[in-house]
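Visitor: Dumping the structure here so I can ask a few things about it.
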Amino acid sequence: MLIDEKNCVDSYCQYYKEFEEPIKRSLSRTSLQEREDLEQEILLKIFQKAKNLSFKKEAPKFWDFFDK
């Protein structure tokens, strides 16, 4: 595993730990059959969006969102 891949995996683990509890709380009102699938779908969307994030020292400007 390359260092960049390891950092990427570590980042996903961090996202998982950060969002696991709020997702589970939100899904507590759904049926048991749907809960696990929905949790996986939500985490997948978080990971997909996180992959596209670009961390800068300054906040993004309005038009930066349209450039991507």
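Visitor: Residue by residue through the stretch 22-40, note down the ones that are surrounded by 12 or more Cβ atoms within 10 Å (Cβ to Cβ) and outside any helix (DSSP H, G or I).
Guide: Taking the stretch 22-40 first, the residues surrounded by 12 or more Cβ atoms within 10 Å (Cβ to Cβ) are 23, 26-27, 30, 35, 38-39.
Of everything in the stretch 22-40, just one residue is surrounded by 12 or more Cβ atoms within 10 Å (Cβ to Cβ) and outside any helix (DSSP H, G or I), namely T30.
Visitor: Look through the stretch 22-39, keep the residues that are hydrophobic (A, V, I, L, M, F, W, C) and closer than 22 Å to K51 by Cβ, and return whichever of them is modelled with the lowest pLDDT.
Guide: Just the residues of the stretch 22-39 that are hydrophobic (A, V, I, L, M, F, W, C), to begin with: 23, 27, 32, 38.
The next check asks that each one be closer than 22 Å to K51 by Cβ; those that pass are 23, 38.
On the way: I23: 91, L38: 94.
Step by step, filter the stretch 22-39, then rank; the result is I23.
So that you can scan it fast, the table gives a plain yes or no per residue for (1) at pLDDT 75 or above; (2) of a type in the set (A, V, I, L, M, F, W, C); (3) surrounded by 12 or more Cβ atoms within 10 Å (Cβ to Cβ); (4) in a helix (DSSP H, G or I):
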{"site": "Y15", "(1), (2), (3), (4)": "yes, no, yes, yes"}
{"site": "E20", "(1), (2), (3), (4)": "yes, no, yes, yes"}
{"site": "I42", "(1), (2), (3), (4)": "yes, yes, yes, yes"}
{"site": "I46", "(1), (2), (3), (4)": "yes, yes, yes, yes"}
{"site": "K49", "(1), (2), (3), (4)": "yes, no, no, yes"}
{"site": "F66", "(1), (2), (3), (4)": "yes, yes, no, yes"}
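The values are calculated or read from the model by the stated rules, or taken from the named source; none is laboratory data. Note that the structure is predicted; figures quoted are calculated from it, not measured. Positions of Cβ are generated from backbone atoms using ideal geometry, with glycine treated the same way; all protein chains shown enter the neighbour counts.
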